[in-house]
Amino acid sequence: MSPRRPLLPALLLPLPAALACGRSDSLCDGDGPGQPGQNILVIVSDDIGVDKTAVYGEHPSPARTPNIDALAAQGVLFRNAYASPSCSPTRASILTGRQPSRHGIGWWIYAETETAELSPDELTLPELLWQAPDPYTSALVGKWHVTGFETDSPASDPLDQGFDCAAGSLGNPLEAISGGHLPRSFRKWEKVIDGEPTWTHRYMTSDNTDEALARVEHTPEPWFLYVGYNDAHDPLHAPPSRLVTDKVNGASSELELYEAMVEAADTEIGRLLDGIPADVRARTTIIYLSDNGTPGHGMEPPWDVTRGKATIFEGGVRVPLIVAGPRVGEPGGESDALVHVVDILPTVAELAGVDLASVLDERGEPPVLDGQSLVPWIEEPGLPSPREVVYAEHFRPNGLGLTRSEHQRTLRDADYKLVWDEQWGARTEQLYRLDPGAGTEGEDLLPGSPSAQDLDALERLRAAMQAQVEAFEG
């Protein structure tokens, strides 16, 4: 378990109860901004793929995302960003800079029944930022979902992992530590404030924005703020009418409800960004991404609805990633570089002035990281890709050193994609030639008559995939 830092004095005037994040002695409750620094805001949406993010232009019928689109116009859009195909492994990789095979969370955690958790021995983003030249105050708002509720102290897990205060849902909207209170929804959910569960009827997405704005206002700089929105994860529902353009209701289709939830998330993201004072925004780097691709109920042809969330195909693992802030060299620029959510931790480290070569993890050892800083591409998006191949995976059960009942892996280069699907150790293999304009892979090349070029790509990607496996198993 991470040692807790000394705490700062409480606010002279306490926050409203609905906005409070933490105890009165919380480090987050400083008496106003301190010395201006390089603030870092990470926003993670839930289940919103590139096909539903309008600025990507990847689908003829995206959802309404004007605020995310506006952020891209101010920043850099990464067109080939990858994640795991479900929430928990991606969120753990964001926090650690490590692939699931290293941290052990390879599938979404069924929070009410699992003991799986992100190990306290992992070095997390907020812990890393303690080692910055000007140490950061770190706050978590919204969805956590990297611990099961059958662990020793799930309610305090964000604090044990280095955050100075935390307010939000520990899992998905229908999950709760305390049980009961049925039916649960985005309007009736368990909110955990610095380890203390409570029940609220405040609309979840709006509550997350309120909490985040309170943190911006009251947290000493430099701050690190991680905001995990629950939209557009199920349960599908009609958001408040003030958040959407077209009204939906219980008679609306699943697709209509899903797209309304995407727009509601975008509306609240816009309210958060607009609520940051201009001088603070000028010294804040904003990293926006989704935890995985779009679920089948939110996908439409020409994208293959069987190749979305929870699959290792492009619709499940390629996610939006946009970075805006003072280090952006070409606002509105795009990068075709092959990047991954494991790159976020090294990126944040460079932004904060942390020398990763001198950092030690919770075991007192140099951390083994799988990512690298994207700051050069933020400053100059046209640079060549930082890697020749990018890897993603999904497996269960969660945990390290266990026999996997299933393990899906994928690895791609600029032109081809290899998929390994293992069920109890038996492997099938698929190879795809990628079409940047198609959104999904197309047909497997191997059952047909692959060309000599295809077979060369197969051998190249096999070798690269095996190198990944050996690196994790070593």
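Throughout, read-outs are computed from the coordinates displayed, never taken from laboratory work. Since this is a predicted model, take the numbers as computed values, not measurements. Every residue, glycine as well, gets a Cβ built from its backbone with ideal geometry; the counts of neighbours run over all protein chains shown.
Below is a table of values for the structure above.
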| quantity | calculated |
| --- | --- |
| Cα gyration tensor, the range 151-305 - rounded (a/c under 1.5), prolate or oblate | oblate |
| Shape call, the chain: gyration tensor on alpha carbons, a/c limit 1.5 | rounded |
| Which of Gly179, Gly296, Val339, positive extreme of dipole for the chain (C-beta unit charges) | Gly179 |
| Cβ-defined net charge surrounding Leu345, 14 Å radius [Lys, Arg +1; Asp, Glu -1] | -4 |
| Separation of alpha-carbon centers, the range 352-406 and the range 101-175, rounded to whole Å | 17 |
| The range 361-467: C-alpha gyration tensor shape, a/c 1.5 cut-off, then a/b vs b/c | oblate |
| Only Lys, Arg (+1) and Asp, Glu (-1) charged, at Cβ; the chain dipole about Cα centre in debye | 560 |
| Most to least packed among 81-92, 281-292 [average Cβ atoms within 10 Å] | 81-92, 281-292 |
| Within-11-Å neighbourhood charge of Val328 [Cβ basis; K, R +1; D, E -1] | -2 |
| On Cα atoms only, tilt of 204-218 relative to the major axis of the chain in degrees | 60 |
| Relative contact order of the chain, pairs being alpha-carbon contacts under 8 Å that are 6 or more residues apart, as % | 22 |
| 222 nm mean residue ellipticity, helices alone, for the chain (DSSP H n ≥ 4; -39,500 (n - 2.57); rounded to 500) | -7000 deg cm²/dmol |
| Proximal lysines to Lys309, defined as alpha-carbon separation beneath 21 angstrom and excluding residues fewer than eight positions away on the same chain | Lys52, Lys143, Lys417 |
| Partner aspartates and glutamates for Lys188 [C-alpha distance under 13 Å; skip if fewer than 8 residues away on the same chain] | Glu175, Asp207 |
| Chymotrypsin sites (Phe, Trp or Tyr not before Pro) lying in DSSP loop within the range 385-474, provided at most 12 other Cβ fall within 10 Å | Trp424 |
| Ordering of 342-350, 367-375 by burial proxy (mean other Cβ atoms within 10 Å per residue, highest first) | 342-350, 367-375 |
